[in-house]
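Since the structure comes first, as C-alpha cells, the remarks are kept for the end.
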Amino acid sequence: MTLVSAKAIGGGLATIALAGAGVGIGLVFNGFLVAYGRNPELDKTLFGYCMLGFALAESIALFGLMMAFMIIYM
C-alpha cells in the first residue's frame, strides 16, 4: 500500500465524524421541538440551549473535517 492510498483511506475514515455530528444535530433539534411542544412559554430559553447544542455538535464536525484535510494534504 502506498502512502497516497493510506492517506486517502485515513482521510475517508476521519470523515465518519461528519455522520456522527449530523445525527447529533438532528437529536438536538428533536429535543428542542419536543421540549417546545410541552412548554411553549420557555421558547427563548429553549432556543438558547438549542443553539448552544447545535454549535457544540457542529464544532465536532468541523474538527473531524479539519483532521481529514490534514491527513490528506499534509
### Message
Among the residues of the range 49-63, are any of a type in the set (Gly, Ala, Ser), assigned to a helix (DSSP H, G or I), surrounded by 13 or more Cβ atoms within 10 Å (Cβ to Cβ) and in contact with a Phe, Trp or Tyr (Cβ under 9 Å, 6 or more places away or on another chain)?
### Response
yes
### Filtered residues of the range 2-11 (kept if free of Cβ contacts under 8 Å to residues at least 24 places away in the same chain, among the small types (Gly, Ala, Ser) and surrounded by 11 or more Cβ atoms within 10 Å (Cβ to Cβ))
ALA6
### Message
Tell me whether the range 36-44 contains one or more residues that are modelled with pLDDT of 95 or more, surrounded by 14 or more Cβ atoms within 10 Å (Cβ to Cβ) and assigned to a helix (DSSP H, G or I).
### Response
yes
### Query
Out of all the residues in the range 45-68, is one or more under 30 Å from THR2 (Cα atoms) and in contact with a Lys or Arg (Cβ under 7 Å, 6 or more places away or on another chain)?
no
### Message
So if I check each of MET1, MET51, MET67, which one is of a type in the set (A, V, I, L, M, F, W, C) and modelled with pLDDT under 90?
### Response
MET1
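The values are calculated or read from the model by the stated rules, or taken from the named source; none is laboratory data. The shown structure was predicted, so the numbers you read here are calculated from the model rather than taken from an experiment. Cβ: placed from backbone, ideal geometry, glycine included. Neighbour counts: every protein chain shown.
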